[in-house]
Amino acid sequence: STMVHYKLYYFPSRSVAEPVRQMFAYAGIEYEDVRITKEEWLAEWKNKMTFDQVPVLEVDGKQIPQSLAIGRFVAKQYGFYGKTPFEAAWIDAIADQFKDYWVALAPWFYVHMGYAEGDVEAAKAKCAGPARDMLFPHLQKLLKENKSGFLIGDQVSWIDFMIQEHVTVLEEEFPGYLKDYPELFVHAAKIRALPAIKAWIEKRPVSRG
Amino acid sequence: IFSFSSQKSHHFSRLSAMSVYKLFYFDIRGRGEVVRQTLALAGIPFEDIRLPRPADGPQWAEFKSKTPFGQMPVLEVDGKQIPQAFAISRFIASQHGLAGATAFEAAWVDAIADQWKDFHTEFSKFLFVKLGFREGNEKLLKAEHGIPSLDNFFPLIEKQLKETGSGFLVGDSVTWVDLLIAEAVQVISTAEPDFLDAFPEVLKHEQKIHAIPLIKKWIENRPEQRR
């Protein structure tokens, strides 16, 4: 059978594209890792992307928008989506809980990173605790209950890559934020140490987040 | 244990071979409605358990710690819980031919659902004030959040409907995202009758989806319709 040709379009950062890049790395799948600068985006790319957004995954020339839709598509293709419909539903639920958490965290995160104007201390006071409470107690419980060391089931899945990437950013940008959730650091280290992921981390372009 | 209303759906049949489904949500449409409609369209009998809102009683406070993420809706399947409305809807839909005919179509169902969620995050800043759920400057929020988010989202849906030409959002048969969007259109049109007039395909889609016999029957019999 002919191989599928993949192009992943995103900005020159990890963020919501990184779980997809990590799944491709782990599964040994070749793809074009297209990184678009802000200037290139407005000048050339925005109106070529369905929904005027990135990330987009192009699959034999046909586009899929939205990072979670892309992640789930790749996860299903290459065995990162659990072994049963119930496991898949829990993988989806964690992905969506992460998205909800992200919406709650974003006001602080964006100001901290310099993407938006604002009072970083005021944003932190408002957002940091409530956002964390939406997600990390639940992930901690899953990790405590699952002997495999993965979040769901007994093999690495899409959301292991997703959570590990974000915890890595939190370690870099907000040390101390997850001090009550050491299991998340153990998990992140485990995923980063998977040979294919370790190799990818060593060769990938460097970015802040 | 709790006193809250619960009703069995109308498609009860032989129980022995079938899983037992219980859906827990508040006694509103909200995030639960797409799940209820997906279950109805799949022909799955389920217990539609509706908790009073926190202001109206202690039931949610007691039940909250028994849910996986401290939120609802939660689907219980043979006693095992699944949280998050889209995860639940997709779990049901993908086992009943309601999640797209191919992996690529399923990705587009998911993409439209998430694009709606991003729209709703913005739009609800206006809508929830308009509907009286929160305080705020309705006119200002409509101008700053309501109209811009509407103008970003619904052209995409209008274009998608023109491209599929099937009357459905993805491929040539109904999927759970058709239910999600049609419900959203009904909510918006009820709150602001002219708001979607620039999107005739979107309005036609809502009519078509809500005329599907199992959905029509669900809507006619749901508690909100009888209030």
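The values are calculated or read from the model by the stated rules, or taken from the named source; none is laboratory data. What you see is a predicted model; the values in this text were computed from it and never measured. No Cβ is skipped: glycine too gets one built from the backbone with ideal geometry, and neighbour counts run over all protein chains shown. The area values use the complete protein model at the heavy-atom level, side chains included, leaving out ligands, DNA and RNA. Shrake-Rupley method; radii C 1.70, N 1.55, O 1.52, S 1.80 Å.
Listed values, structure above:
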quantity	calculated
Residues in segment A:124-150 reached by a label modelled at B:Arg134 [backbone nitrogen below 20 Å; 7 Å Cα→Cβ]	A:124-135
Residues whose placed amide H lies under 5 Å from that of B:Val74, excluding near-sequence neighbours	B:Phe24
Protein heavy-atom accessible area occluded, A/B pair - total, 1.4 Å probe, Å²	2500
Distance between modelled label sites at A:Ala125 and B:Asn152, nm, 7 Å Cα→Cβ extension	2.9
Efficiency of FRET from Cβ geometry, A:Lys46 and A:Arg208, R₀ 25 Å, rounded to 0.05	0.65
In Hz, Karplus ³J(HN,Hα) per residue of segment A:85-96 (6.51, -1.76, 1.60; θ = phi - 60°; x = Gly, Pro)	x, 5, 4, 4, 5, 5, 4, 4, 4, 5, 4, 6
Alpha-carbon centroid distance for the pair segment B:163-197 / segment A:57-98, whole angstrom	24
Potential lengthening between B:Ser19 and B:Ser166 on full extension [0.36 nm per residue; Cα-Cα distance subtracted]	49.6 nm
In Å², nearest 10: area of A:Arg35 left accessible to a 1.4 Å probe	60
Nearest-0.05 FRET efficiency for B:Glu62 and B:Gln95, computed from C-beta distance (R0 35 Å)	0.65
Residues B:Ala211 and A:Glu171, FRET efficiency given R0 of 41 Å [Cβ-Cβ distance, rounded to 0.05]	0.20
Shape category assigned to chain B from the gyration tensor of Cα positions, a/c cut at 1.5	oblate
Three principal axis lengths of segment B:103-211 [C-alpha, angstrom, descending]	42, 25, 20
Chain A shape via C-alpha gyration tensor axes, a/c threshold 1.5	oblate
Dipole of chain B, positive end: most advanced residue of B:Ala87, B:Trp108, B:Ile181 [Cβ charges, Cα centre]	B:Ala87
Net charge contributed by nearby residues that have their C-beta within less than 15 Å of A:Glu58 (K/R +1, D/E -1)	+1
Per residue value of the accessible surface for segment B:103-211 (all protein chains in place, 1.4 Å probe), Å²	44
Phi to ³J(HN,Hα) by Karplus 6.51 cos²θ - 1.76 cosθ + 1.60 over segment A:142-158, Hz, x for Gly, Pro	4, 5, 5, 8, 9, 5, 5, x, 8, 6, 10, x, 10, 8, 5, 10, 3
Potential extension, A:Lys7-A:Asp60 segment - 0.36 nm per residue separation minus Cα distance	18.2 nm
Accessible area expressed per residue, segment A:1-47, with surrounding protein chains retained (probe 1.4 Å, Å²)	57
Segment B:103-211 - percent of accessible surface contributed by carbon and sulfur, probe 1.4 Å	54
A:Met134 - accessible surface, heavy atoms, 1.4 Å probe, Å² rounded to 10	50
Expected 222 nm ellipticity per residue - DSSP helices of 4 or more, -39500 (n - 2.57), all of chain B, to 500	-15500 deg cm²/dmol
Alpha-carbon gyration tensor eigenvalues x 5, square-rooted, for segment A:85-193, Å	26, 14, 12
Equivalent ellipsoid semi-axes, the protein assembly as shown, via Cα gyration tensor eigenvalues times 5, rooted, Å	33, 26, 24
Spin-label model distance (nm) - A:Lys141 vs A:Asp154, 7 Å beyond Cα toward Cβ	2.4
Given charges at beta-carbon only (K, R positive; D, E negative), |dipole| of the protein assembly as shown in Debye	1000
